[in-house]
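I have placed the structure first, in the form of structure tokens, so that the comments after it can refer back to it.
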Amino acid sequence: MTYGYCRISTKQQSIERQIRNIKAAYPDAEIIEEAFTGTKIERPAFDDMINSAKELKDSGEDVTIVFDSVSRMSRNAEDGYNLYQDLYNRGINLVFLKEHHIDTDTYKGAMRNQLAMTGEDTDLIFQGINAYLLRLAAKQIKLAFEQAQKEVDDLHQRTKEGIQTAKLNGKQIGQKQGAKLTTQKSVAAKKFILKNSRTFNGSLDDKECIEYLKIAPNTFYKYKKELRAEQQ
């Protein structure tokens, strides 16, 4: 089974380029599309794909996941590297069209190309060389994810500077006071609260809801207030 994961940060962006690149290299890939930022936890299509890939691999099927670039997998260096290692250890193949040097096949090559032991004193040297080669391969993977995260950090910094400049020039930034913002995340959270919170005849208390949704308490209570108002 071959998956091709394509992600854009907003639904206004075009995802066609990623699909075209993956299909050119893997015509039979099942394309998974998503419009979420790579620094956010909530990526339901991605999570479903990963879970399906693990189940298929556990059943004995070969599984490959193809990304146009490493940033499509994750823009958080630590999370991306940990997920890479988890999938690699499970035997799931990862392919990055723009960074083939960190494909899992490349990493496997570093493992296979270790120097053979001879039973002589020189084995101490060989062991050191093998350990160095493996650490070098792992470092290349980490660097790729760190670079993806740096791109996000740089973008956030440029955005922050742009907002500061706009404010100094007297421009309106963000919503006007009293305006209500509706996002896909807020809709999903409010739906969960309405169904599960004890306030609305569910079974979970406030703390349990907050922990499940992974949102700030202030945000949670704001959603509850809005839900009460909507029911009046």
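Pull up the stretch 26-47, narrow it to residues that are at pLDDT below 95 and farther than 15 Å from Met73 by Cβ, then point me to the one that is surrounded by the most Cβ atoms within 10 Å (Cβ to Cβ). In this case the residue turns out to be Ala35. Selection of the stretch 181-232 for residues being exposed (fewer than 14 other Cβ atoms within 10 Å of the Cβ), acidic (Asp, Glu) and within 29 Å of the chain's Cα centre (by Cα) yields only Glu211.
Give Ala166, Ala188 a once-over and let me know the one that is more than 25 Å from Ala35 (Cβ to Cβ), modelled with pLDDT under 90 and either assigned to a helix (DSSP H, G or I) or out of contact with any Lys or Arg (no Cβ under 8 Å at 6 or more places or on another chain) (or both). Quick ask: steps written out before the conclusion?
Working: Ala188 fails: more than 25 Å from Ala35 (Cβ to Cβ).
Selected residue: Ala166, the only one of Ala166, Ala188 that is more than 25 Å from Ala35 (Cβ to Cβ), modelled with pLDDT under 90 and either assigned to a helix (DSSP H, G or I) or out of contact with any Lys or Arg (no Cβ under 8 Å at 6 or more places or on another chain) (or both).
Scanning the stretch 193-232 for residues that are assigned to a helix (DSSP H, G or I) and among the small types (Gly, Ala, Ser) yields one hit, Ala229. Looking at Val70, Val95, which one is within 14 Å of the chain's Cα centre (by Cα), β-branched (Val, Ile, Thr) and at pLDDT 80 or above? Answer to the check: Val70.
Rundown of residues vs (1) within 28 Å of Arg72 (Cβ to Cβ); (2) at pLDDT below 70; (3) among the hydrophobic types (A, V, I, L, M, F, W, C); (4) in the same structural domain as Ser69 (by TED's automatic domain parsing), yes/no style:
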residue	(1), (2), (3), (4)
Arg135	yes, yes, no, yes
Gln177	no, yes, no, no
Lys195	no, no, no, no
Asp206	no, no, no, no
Glu211	no, no, no, no
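Residues that are part of a helix (DSSP H, G or I), under 23 Å from Glu61 (Cβ atoms) and touching an Asp or Glu at 6+ places or on another chain (Cβ under 9 Å) within the stretch 76-102 comprise just one, Arg90.
The values are calculated or read from the model by the stated rules, or taken from the named source; none is laboratory data. This structure is a prediction, so every number in the text was calculated from the model and none was measured. Backbone-built Cβ (ideal geometry, glycine too); neighbour counts: all protein chains shown.
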